[in-house]
1. In square angstrom, rounded to the nearest 10, how much accessible surface does residue 170 have for a 1.4 Å probe?
2. Sorted by mean Cβ packing within 10 Å, highest first, what order do the peptides 241-248, 156-163, 185-192, 59-66 take?
3. Peptides 123-132, 228-237: what's the order by average Cβ count within 10 Å, highest mean first?
4. Express in % the proportion of alpha carbon pairs of the range 63-127 at distances exceeding 16 Å.
5. Determine, for each peptide in 87-98, 214-225, the mean count of other beta carbons within 10 angstrom over its residues, then list the peptides with the highest first.
6. Send over a whole-number figure in Å² for the accessible area per residue of the range 60-140, probe 1.4 Å.
7. For the range 119-165, what does the equivalent ellipsoid look like in terms of its semi-axes, each the square root of 5 times an eigenvalue of the Cα gyration tensor, given largest first in whole Å?
Amino acid sequence: MVDDQDGKSKTPTTRRSLLALEYPGLGDFDDPTQEWRRLFSELFGTFLLVLVGAGGAVVNATSNGAISRSTAVAAPWLMVMGIILFMGAVSGAHLNPAVTLGFTLRGDFPWRRVPGYIFVQLLGATLACLFLWAVLGKVGKLGATEPGAGISDWKAMLIELILTVGLLSTILGTASRAQNVGALSAVAVGGYIILAGFWSSPISGASMNPARSFGPDLALGDFSHYWVYVVGPIAGGLIAVVIAWVLRGPGGDVGGLAAARGEFDTRVQSAKSEASTSAEKEER
């Protein structure tokens, strides 16, 4: 059992009922036959994120440097906020393999859905870069993330690692029952992304996302630095999960399940019916 803010313990049944009451449409998304909607959501969301993230460098190369670094850093922040707000309830708006793995290791997302999520995230990022190439040309390295001038790969990797620790800590923290802030999580996550980009983009590109870095590298056929953007974010995500456990204990709480949008077991599938039954009993 878990304790609420008043110190009263809640049974698993009560917790599930609360989840269903807070998110009345949850049952629709728990239906395994709707997985294609969630996968499309991740595909489309990652496409938009990389379109903006990589597009800044491409547009800059075609407009004689018309876009400042501040603008290029702020654009993904605004896009992530928009994506979380308009379709976060469909797929959880992971948009990032490191986030998907973080939710899974936290106990909020089932392993069986991980391969599909990661595949469409990589695909969405690639399609975004191919779109930029087709429309604006193969310029600006298609927004590829690379270590800055004079920065070795391992230093860039460490920066990506620590940046992702902060990013996943923000995501997992705002999705916990202790600090579930609902739609405001979009502001917290977006704010962290812009802050990370402001101070570290000249060092590593502030990717924090293996899918974001995969798209340009695949389109260019150059994976010489890609390991930096896999090892750093994945290792950082693992550390963030450990930190979340130290701060709040194991996952699987109401806020985390709702944010990850992934549990298909009978606990969540029956939440709406249990909530309705409980409500009827109280009325009697």
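The values are calculated or read from the model by the stated rules, or taken from the named source; none is laboratory data. Please read these numbers as outputs of a predicted model, since none were measured by experiment. Please note: Cβ atoms are built from the backbone with ideal geometry, for glycine as well, and neighbour counts cover all protein chains shown. Protein only, heavy atoms only, side chains kept; ligands, DNA and RNA dropped before computing areas. Shrake-Rupley method; radii C 1.70, N 1.55, O 1.52, S 1.80 Å.
1. 30
2. Packing proxy ranking, top to bottom: 156-163, 185-192, 241-248, 59-66.
3. Ranked by mean Cβ neighbours within 10 Å, highest first: 228-237, 123-132.
4. Percentage above 16 Å: 58.
5. Values: 87-98: 25.5, 214-225: 18.7.
So the order, starting with the most tightly packed, is 87-98, 214-225.
6. Details: 3520 Å² over 81 residues.
Per-residue value: 43 Å².
7. 26, 16, 6
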